[in-house]
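Laboratory data are not the source of any read-out in this text; all were calculated from the coordinates shown. Not measured: the values here are computed from a predicted model. Cβ: placed from backbone, ideal geometry, glycine included. Neighbour counts: every protein chain shown.
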Amino acid sequence: LGLGHAVLMARPVVGDEPFAVLLADDLMLGEPPVLAQMVDQYRRYQAGILGVEEIPREHSTRYGVVDARPWDDRIYQVSGIVEKPKPEDAPSNLGVVGRYILPARVFHFLEQTRQGAGGEIQLTDAIAHLLNERQVLAYLFSGRRFDCGDKLGYLKATIAFGKLHPEVGADFTRYMDSICEPQASAETLP
Ligand code: G1P
């Protein structure tokens with residue numbers, strides 16, 4: 001019934017602990033890994049942490065967008081969040097990517113959340129209510145996000161991770177270089 005509903009289904013497994021949500025169609029490349037960066041921020045602030053990146057305003061309809069003000073290095077205090085706003089309604093240019101660290105309290109709000117944007121039960125709407133009683137921070141992660149829900153993003157991710165792969169990366173990189181030669185064509189592909 002939507003991302004919020006899916007997260008709520010994990011409640012019996014999670015129990016009363018803070019937990020991470022990873023949306024698999026957002027593939028993250030970072031050093032340290034992006035979720036590890038976020039766990040560090042959670043340990044420092046003991047607050048909900050939303051992974052965000054700067055997005056073009058016209059892409060706001062693809063994201064949860066935060067209302068936030070700068071607070072610390074790469075950290076913003078979140079005062080609001082809205083799911084897939086129109087560009088003219090977007091509260092900032094910070095879009096939530098598919099990485100969250102949330103307190104178990106969010107389940108309480110998910111239980112009460114009704115259909116929102118797109119007719120789905122939205123995690124974003126539960127976080128908006130959570131903000132009334134808990135601190136939530138946006139973290140501008142260091143690294144790169146690939147949107148694998150998009151065909152081109154999926155291809156870019158495959159190439160980036162292929163080139164870095166410990167076993168096949170070197171050969172794959174040579175292969176990619178060879179097919180990127182200007183004269184490469186379907187007939188001459190190695
Ligand atoms: C979901 C969330 C949205 C978030 C996005 C990141 O949307 O609902 O808030 O910004 O993931 O990828 P979806 O992409 O599932 O429509």
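Brief remarks on what is shown
- Cβ charges +1 (Lys, Arg) and -1 (Asp, Glu), total dipole of the range 1-101, debye: 140 debye
- Listed by chain and number, the lysines placed with their C-alpha closer than 25 angstrom to that of Lys86 are Lys151; residues fewer than eight positions away on the same chain are left out.
- For Lys156, the aspartates and glutamates whose Cα falls under 14 Å of its own Cα, not counting residues fewer than eight places away in the same chain, are Asp25, Asp26, Asp147.
- The angle separating the long axis of helix 169-179 from the principal Cα axis of greatest extent in the chain is about 60 degrees.
- Relative contact order, whole percent, for the chain stands at 29, derived from Cα pairs under 8 Å and 6 or more residues apart.
- Spin-label zone in the range 50-72 - amide nitrogen under 14 Å from a point set 7 Å from the Cα of Lys86 along the C-beta vector: 58, 60-61
- Acute angle (nearest 10 degrees) that the helix 151-164 long axis makes with the longest principal axis of the chain, alpha-carbon atoms: 70 degrees
- Modelled spin-label separation between Ala6 and Arg57, with each label point placed 7 Å from Cα along the Cα-to-Cβ direction: 3.1 nm.
- Long-range amide H partners of Gly80 with built H, under 5 Å: Asp67
- Taking the C-alpha atoms only, the angle from helix 34-45 to the longest principal axis of the chain is near 30 degrees.
- Difference of contour (0.36 nm per residue) and Cα-Cα distance, Arg69 to Thr158: 28.6 nm
- Anisotropy class of the range 8-141 from Cα gyration tensor, a/c 1.5 cut: rounded
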